[in-house]
Amino acid sequence: DVVETQEHYKSRWRSIWIMYLTMFLSSVGFSIVIMSVWPYLQKIDPTADASFLGWIIASYSIGQMVASPLFGLWSNHRPRREPLVVSTAISVAANCLYAYVHVPHSHNKYYMLTARALVGFGAGNVAVVRSYIAGATSLTERTSAMANTSACQAVGFILGPVFQTCFTLIGEEGVTWKLICLQLNMYTTPVLFGAVLGVINIILIFAIFREHRVDDMGRQCKSINVEGEDNGVLDQDEEGNVDHVAVVAINFLFFVILFVFAVFETIATPLTMDMYSWTRKEAVFYNGIILSVVGIESVVVFMVVKTLSKKTGERAILHGGLLIVLVGFFILLPWGKKLPNIQWEEIKNNSLPRTNPTEMLMPFWNLQAAQLPSNHTVEPVGCPVTQSWCLNTPMIYLAQYLSSDILIGLGYPVCNVMSYTLYSKILGPKPQGVYMGWLTASGSGARILGPVFVSQIYTHLGPRWAFSLICGVVVVSLLILEIVYKRLIAFSVRYGRVQE
């Protein structure tokens, strides 16, 4: 056994902190433009309709889903610095492309689609990040490190829209640099800022990041990804097979967790517009505040769960997190008798004009119903009569909605961290790049299917059907967790090398 030196320990944790930064920048790359995609798309290409917006939003997750296993495979056989630098460089180039999508005279929407897909492709490096952290931490360090990684990801999602809001002060016109055809405005400056952060990340990867590996007990081992950087010995715990039943089960549970959270994020704007007669601007503003609070709540949960897991274990916490998510969606079911305001009544009564300077985050399946003839200046509010369920489905009270937000904001981060932690422990000392790639791809697939599912079910059948089906999916996941509960143990525990 090779005891880890103090120098190795410091270098190992410096490298892990670089991985935290990479995860943070990956999530910023997604969220920093999400509020402005729709108005920017309308500005650069009037031929783009609302359905195309859906493809642009989904393209990020599609790109990440394709790239994650590829980067994971790459990291299993080569120094991880290679896929990390290449993926980050792709994201930087994609952000620059996004800033120039206004230049072509036609097909601008397809350039934007390509740019967002490439940003997502670059974000496939989260599989490399997770696999590195899994190999560079002992069993006792793993939960804390995975929680910190997820917290950095959550903070990135929170700060992205904040950065976007700050850049709105530049305005739609901004400043034009004619020499290089660059427009610095509220739409392009955020992505250029993201590109600069990416360049800084690449520099730090070259300057600070080093390959390190420790076994489940924390003993220094030689990394398979590099020769000569570690002075340890090869770990002998690689003997034994991975429990693939447990691997598949965690992949399914992770898919469900990301699926229900994608539904939660997607449904926020149309649900509040339908139930509380909020305008698009009000829905974006109020839900932005709510989601920010939920994000802060999640970061706190990430920190608390590190301590709690040492007392109860990851499996019990995952079980509790899923139960909390189930209660959160159950609360959203319509129970009362009061019906929501109907949109055509608002127009008929010629309600007071409501301003709409932007159409940020307009739900693409509801956009067409909200369009007004050119001789109208009033934005229709309330539940559109084109959704037949509006006429007979009770409204969801604001207290229900806020309570659900709090519970889902509590349950989701718990499930997220425990899934990654259990998964990395189940896989053991073998290279985890490909496996982490598949787990990331599962999450990306969930983020693609979640909005599609909720857009169809919610629009045609209403919230009662949508949230009942989500509750059913969570119940199935709880049953599967019960079935495989005893198999969700660390590789070293399974083979008797470490006491649970």
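The values are calculated or read from the model by the stated rules, or taken from the named source; none is laboratory data. Keep in mind that this is a model prediction, so the values were computed, not measured. So basically every Cβ, Gly included, is an ideal-geometry build from the backbone, and we count neighbours across all protein chains shown. When the accessible area is computed, the model is the full protein with side chains, heavy atoms only, and any ligands, DNA or RNA have been set aside. Shrake-Rupley method; radii C 1.70, N 1.55, O 1.52, S 1.80 Å.
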So for the stretch 124-133 (the condition being on the phi < 0 side of the Ramachandran plot, open to solvent by less than 10 Å² (accessible area, probe 1.4 Å) and modelled with pLDDT under 85), does at least one residue qualify? no
Could you tell me which residue of the stretch 237-268 is surrounded by the fewest Cβ atoms within 10 Å (Cβ to Cβ), considering only residues that are more than 21 Å from residue 436 (Cβ to Cβ) and either of a type outside the set (Ser, Thr, Tyr) or touching a strand residue (DSSP E or B) at 6+ places or on another chain (Cβ under 8 Å) (or both)? 239
Tally, over the stretch 481-493, of residues that are open to solvent by less than 50 Å² (accessible area, probe 1.4 Å) and either outside any helix (DSSP H, G or I) or not hydroxyl-bearing (Ser, Thr, Tyr) (or both): 7
Somewhere in the stretch 426-446, is a residue surrounded by 22 or more Cβ atoms within 10 Å (Cβ to Cβ), among the aliphatic types (A, V, I, L, M) and more than 22 Å from residue 133 (Cα to Cα)? yes
Looking only at the stretch 118-155, count how many residues are touching a helix residue (DSSP H, G or I) at 6+ places or on another chain (Cβ under 7 Å) and not in a helix (DSSP H, G or I). 2
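Considering only residues that are open to solvent by less than 40 Å² (accessible area, probe 1.4 Å) and at pLDDT 80 or above, look in the stretch 168-191 and name the one that is farthest from the chain's Cα centre (by Cα).
182
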Residue in the stretch 48-81 that is surrounded by the fewest Cβ atoms within 10 Å (Cβ to Cβ), counting only those that are at pLDDT below 80 and part of a loop (DSSP other than H, G, I, E, B): 49
Among the residues of the stretch 254-285, write down those that are more than 28 Å from residue 423 (Cβ to Cβ), outside any loop (DSSP other than H, G, I, E, B) and in contact with a Ser or Thr (Cβ under 9 Å, 6 or more places away or on another chain). 270, 273, 280, 281, 282, 283, 284
With (1) assigned to a helix (DSSP H, G or I); (2) surrounded by 24 or more Cβ atoms within 10 Å (Cβ to Cβ) as the list, and residue 452 as the residue in question, which single condition is left unmet? (2)
Just the residues that are farther than 19 Å from residue 143 by Cβ and outside any helix (DSSP H, G or I), please, taken from the stretch 203-218. 208, 209, 210, 211
Going through (1) in a helix (DSSP H, G or I); (2) open to solvent by less than 10 Å² (accessible area, probe 1.4 Å) one by one, residue 334 fails only at (1)
Filtered residue count, the stretch 269-282, keeping only those that are small (Gly, Ala, Ser) and either buried (at least 24 other Cβ atoms within 10 Å of the Cβ) or without any contact (Cβ under 8 Å) to a residue 24 or more places away in the chain (or both): 0
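Residue-by-condition table, conditions (1) free of Cβ contacts under 8 Å to residues at least 12 places away in the same chain; (2) open to solvent by less than 50 Å² (accessible area, probe 1.4 Å); (3) of a type outside the set (Val, Ile, Thr):
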site	(1), (2), (3)
6	yes, no, yes
14	no, no, yes
22	no, yes, no
25	no, yes, yes
30	no, yes, yes
33	no, yes, no
37	no, yes, no
40	no, yes, yes
